[in-house]
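Contents: one structure, followed by commentary.
The values are calculated or read from the model by the stated rules, or taken from the named source; none is laboratory data. Small disclaimer: the values here were computed from a predicted structure and weren't measured. Backbone-built Cβ (ideal geometry, glycine too); neighbour counts: all protein chains shown. Please note that ligands, DNA and RNA were not included when accessible areas were found on the heavy atoms of the full protein model with its side chains. Shrake-Rupley method; radii C 1.70, N 1.55, O 1.52, S 1.80 Å.
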Amino acid sequence: GDSVTQMEGPVTLSEEAFLTINCTYTATGYPSLFWYVQYPGEGLQLLLKATKADDKGSNKGFEATYRKETTSFHLEKGSVQVSDSAVYFCALRGGTSYGKLTFGQGTILTVHP
Amino acid sequence: NAGVTQTPKFQVLKTGQSMTLQCAQDMNHEYMSWYRQDPGMGLRLIHYSVGAGITDQGEVPNGYNVSRSTTEDFPLRLLSAAPSQTSVYFCASTTDYEQYFGPGTRLTVT
């Protein structure tokens, strides 16, 4: 079945540091890929998405590129802020299964001033 | 436009009690889902629905029932609560490419 693996956390960075959170997946066919963010005490919000190979999703300075050859969708940001502290989830949706997302385990990011 | 709403926000149950977690959306989405979130395990799909009157099981359906009598509402029922069901529960409704999540219900079963 489908699965998503994220890098082990937590990740602790200083403000303005470069961020990478690794995400790899296993799926049949051509899944759509997502990054969600969860701020403390809140639900999940879509951060960015990519629906086909080589697509780059971007939002709020975050980027991720859909790499089919390496089955990866790594999240990057060039300069993190304290306000980026949150839990980040990589997820995939297979085919037309609109109501079903498969999530990674989540990566806790803490950014210090 | 309230999006996805969930009630209650917090709940404590004793083992064996039953309850219903409520979920409603006002975006006229056909697809709705229930997930549970446990530390270190991400979100896991419990049940989902592709429209009124149609539901199906997800990855961890045991101990939970759902029904979908209207497009707007998708309640999740715990028939006999167990400590293993202590978790945070999220409801979501879905367009073609985005799931909108509710604020969650934190459930503790003692």
> If we keep just the residues of segment A:23-45 that are out of contact with any strand residue (DSSP E or B) (no Cβ under 6 Å at 6 or more places or on another chain) and either without any contact (Cβ under 8 Å) to a residue 24 or more places away in the chain or closer than 17 Å to A:Ala86 by Cβ (or both), which is most open to solvent (accessible area, probe 1.4 Å)?
Replying inline: A:Pro40
> Of the residues that sit in segment B:69-110 and are in a loop (DSSP other than H, G, I, E, B), in contact (Cβ under 8 Å) with a residue 60 or more places away in the chain and more than 10 Å from the chain's Cα centre (by Cα), which one is farthest from the other protein chains (Cβ to nearest Cβ)?
Replying inline: B:Ser80
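Condition check ((1) at pLDDT 95 or above; (2) under 27 Å from B:Thr105 (Cα atoms)) across all residues:
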residue: A:Gly9; (1), (2): no, yes
residue: A:Glu16; (1), (2): yes, no
residue: A:Leu48; (1), (2): yes, yes
residue: A:Thr51; (1), (2): no, no
residue: A:Leu75; (1), (2): yes, no
residue: A:Gly106; (1), (2): no, yes
> Under the condition of being assigned to a strand (DSSP E or B) and aromatic (Phe, Trp, Tyr), which residue from segment A:47-104 is nearest to A:Ala27 (Cα to Cα)?
Replying inline: A:Phe103
>> If I go through segment B:12-44 residue by residue, how many of them are open to solvent by 10 Å² or more (accessible area, probe 1.4 Å), within 10 Å of chain A (Cβ to nearest Cβ) and either charged (D, E, K, R) or part of a strand (DSSP E or B) (or both)?
In response: 5
